[in-house]
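Before any comments, here is the structure.
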Amino acid sequence: MSRYALKAAATRARSTAWSLRATGRQERGLRILFYHRISDDRDELAVSPRNFRRQMDFLATEAYRVVDVVQAAELLDEGRPPGRTVGLSFDDGFLDVAEQALPLLAERGFRATVFVAPAVVDGWATFGWYRSQPPLLGWDEIAELDREGTLRFEAHSLTHPNLLALRDAAAWEEIVGSKVSLAARLERDVLAFSYPSGLFGARERRLVAAAGYRAAVSCEPGVNTSATDRLVLRRQQVDRRDRLLDFRAKVGGGHDSPLPLRGVYRRRRYGMGAGSLNLASSRE
Ligand SMILES: [Zn+2]
């Protein structure tokens, strides 16, 4: 059994337990979902357009308000309990997000944040995990889409490194440099940051605060409340293998803690120690 199949099996078991326990009821607080690609490609980071449509239909049918990450942070600042509200985000800025997700979001009046790494958009850095990198949105498209407003673009570092492995000056350049670069392209202030691969520690959080970001998102699952640190907002990944029940359970709070084997996957993908450092730093 591959690790992805194992993860899917663990997810299903937990979704089933949630549906029996909660009978589909949403627990308190605001959850933020994240995706990478919306595509039928054989890529573990791609959710199929068909599944994505079913997920958005579920949110629309259940009368969820779907907001971007900056709006989500503002709702938390206002302190009112945002019932039936979900934050939506896409990491890395793939072209298929505009082609496949955008029309479905716009039709339903949903908003989402897309986190982009300017040096990767420019083409002088690449995402290291692809042998053949799928097409990304270009600057003209990013600026135009941002003005339309359904998709809002925010920063994801310059080159998408493991920030934990960088010296202070290089980490600062990645964090503040991506804000400055993206703001120049969008001709507006950039307010939110997504830690590349969800890897961060106390230093990265401090640099994100110093750079003037108002919100930053991790890849730690869980619910956000007005007490949650705005620079370590929790997010839940929607996976390629998720069934609609898994999606409903993720929205409803059935997956608010990490799966038991998650640290193992992360260490295999990002190198020894990354998972444990990340977990240690993000559990307040
Ligand atoms: Zn990323």
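Just so you know, all these numbers are worked out from the coordinates, no wet-lab data involved. Values in this document were obtained by computation on a predicted structure and should not be read as measured data. Neighbour counts are summed over all protein chains in view; Cβ atoms, including those assigned to glycine, are modelled from backbone coordinates with ideal geometry.
Kirkwood hydrodynamic radius of segment 1-67, from the reciprocal of the average inverse Cα-Cα distance over all distinct pairs: 14.2 Å. Put simply, the amide H of Arg152, placed in the peptide plane, has neighbours under 5 Å in Ala112, Thr113, Val114, leaving out anything fewer than 5 places away on its chain.
With the helix formula -39500 (n - 2.57) applied to DSSP H stretches of n ≥ 4, the chain reaches a computed 222 nm mean residue ellipticity of -13000 deg cm²/dmol. For the pair Asp140 and Leu244, label points projected 7 Å from Cα toward Cβ lie 4.0 nm apart.
Run a plain Debye calculation on the chain (Cα atoms as equal point scatterers, no solvent) and give log10 I(q)/I(0) at q = 0.08, 0.10, 0.12, 0.13 Å⁻¹, rounded to two decimals, same order as the q list. Once normalised to I(0) and log-transformed, intensities are -0.30, -0.48, -0.71, -0.85.
Backbone phi angles across segment 228-245, fed through the Karplus curve with coefficients 6.51, -1.76 and 1.60 (θ = phi - 60°), yield HN-Hα couplings of 6, 4, 5, 9, 9, 5, 7, 9, 10, 7, 8, 9, 3, 8, 5, 7, 4, 4 Hz in residue order; Gly and Pro are listed as x.
Each principal axis of the Cα atoms in segment 99-216 has its own extent, and those three values, largest first, are 43, 34, 23 angstrom. Highest mean packing first, where packing is the average number of other Cβ atoms within 10 Å per residue, the peptides 248-255, 12-19 line up as 248-255, 12-19. Model label points for Gln133 and Asp41, set 7 angstrom from Cα along the Cα-to-Cβ axis, are 1.1 nm apart. About its Cα centre, the dipole of the chain is roughly 1440 debye, where the only charges are +1 on Lys and Arg Cβ and -1 on Asp and Glu Cβ. Once the Kirkwood radius over Cα pairs is known for segment 75-129, the Stokes-Einstein relation at 37 °C and 0.692 mPa s delivers a diffusion coefficient of 243 µm²/s. Of all DSSP beta bridges confined to the chain, the antiparallel ones make up roughly 5%. Near Gly87, the amide H atoms lying under 5 Å from its own belong to Arg31, Ile32, Leu33, Val67; only residues 5 or more places off or on other chains count, and H is placed 1.01 Å from N. In this entry, segment 187-245 is assigned a mean projected area of 5.8 nm², taken as a quarter of its C-alpha convex hull surface. Shape analysis of segment 16-117 based on the Cα gyration tensor places the equivalent ellipsoid semi-axes at 23, 18, 13 Å, largest first.
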